[in-house]
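Peer 1: Let me begin by handing over the structure; questions about it come next.
No value in this document is a laboratory result; all are computed from the given coordinates. Computed from a predicted structure; not experimentally measured. Counting neighbours? That spans all protein chains shown, and the Cβs are built from the backbone with ideal geometry, glycine included.
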Amino acid sequence: MEKRRGVRVQVSGTVLYRKHIYPRLTIASFLDLSMEGTRIESLYPLNVHEKIELSIAMGEKAMKCRGRVRYVLREEEDGKVRAGVEFEPLSESDRVYLRQYLSYVEEAQVAEI
């Protein structure tokens, strides 16, 4: 059963994240975005329910926010971890920018078809 409230937009880019228990910045990739969260791919392990701080590169801006890991999948072939992260409540300005960014990406994808 699908629990997601928002539409996922297939878009990728760079994300920096920091675990609360290990405060070193880690570089990873995001594989999709929605108003509620993102899916990231990392070389380093993440744990379900773990809280992380994120800096997501979107266009000309990096959105900084916090989130909680909701699921983790480890790929046997490449050893990478794919994790779903649910955003904690975003500031109003981040919500507006994220909504505009997702709309821009969706329109660009439709134009390519």
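Peer 1: With point charges of +1 on the Cβ of Lys and Arg and -1 on the Cβ of Asp and Glu, referenced to the Cα centre of segment 16-72, which listed residue (Ile52, Leu33, Ile21) lies farthest in the positive direction of the dipole?
Peer 2: Farthest towards the positive end: Ile21.
Peer 1: Using Cα pairs closer than 8 Å and at least 6 residues apart in sequence, work out the relative contact order for segment 9-112, in percent.
Peer 2: 24 percent.
Peer 1: What longest range of the chain stays clear of loop-exposed GluC sites (Glu not before Pro) (DSSP non-H/G/I/E/B, at most 11 other C-beta within 10 angstrom)?
Peer 2: After excluding every exposed loop site, the longest remaining stretch is 3-59.
Peer 1: Let me ask something additional. Among Arg95, Arg66, Arg82, determine the one that fluctuates most according to a GNM of the chain built with springs between C-alpha atoms less than 10 Å apart.
Peer 2: Ranking Arg95, Arg66, Arg82 by mean-square fluctuation puts Arg95 first.
Peer 1: Please state the shape class of segment 16-113: rounded when a/c is under 1.5, otherwise prolate if a/b exceeds b/c and oblate if not, all from the C-alpha gyration tensor.
Peer 2: Here segment 16-113 falls in the oblate category.
Peer 1: Is segment 1-69 rounded, prolate or oblate when judged by the Cα gyration tensor, a ≥ b ≥ c being the square roots of its eigenvalues, rounded requiring a/c under 1.5 and prolate requiring a/b larger than b/c?
Peer 2: The shape class here is oblate.
Peer 1: Taking springs between alpha-carbon atoms closer than 10 angstrom, which of Asp78, Asp32, Asp94 fluctuates most in the Gaussian network model of the chain?
Peer 2: Asp78
Peer 1: Taking H as built 1.01 Å from N, whose amide H comes closer than 5 Å to the amide H of Lys61, not counting residues under 5 places away?
Peer 2: Amide H neighbours of Lys61, under 5 Å, 5+ apart: none.
Peer 1: So, with +1 on the Cβ of K and R and -1 on the Cβ of D and E, and no other charges, what is the size of the charge dipole of segment 9-112 about its Cα centre, to the nearest 20 debye?
Peer 2: Working: 15 positive and 17 negative charges, 116 e Å.
Its charge dipole is roughly 560 debye.
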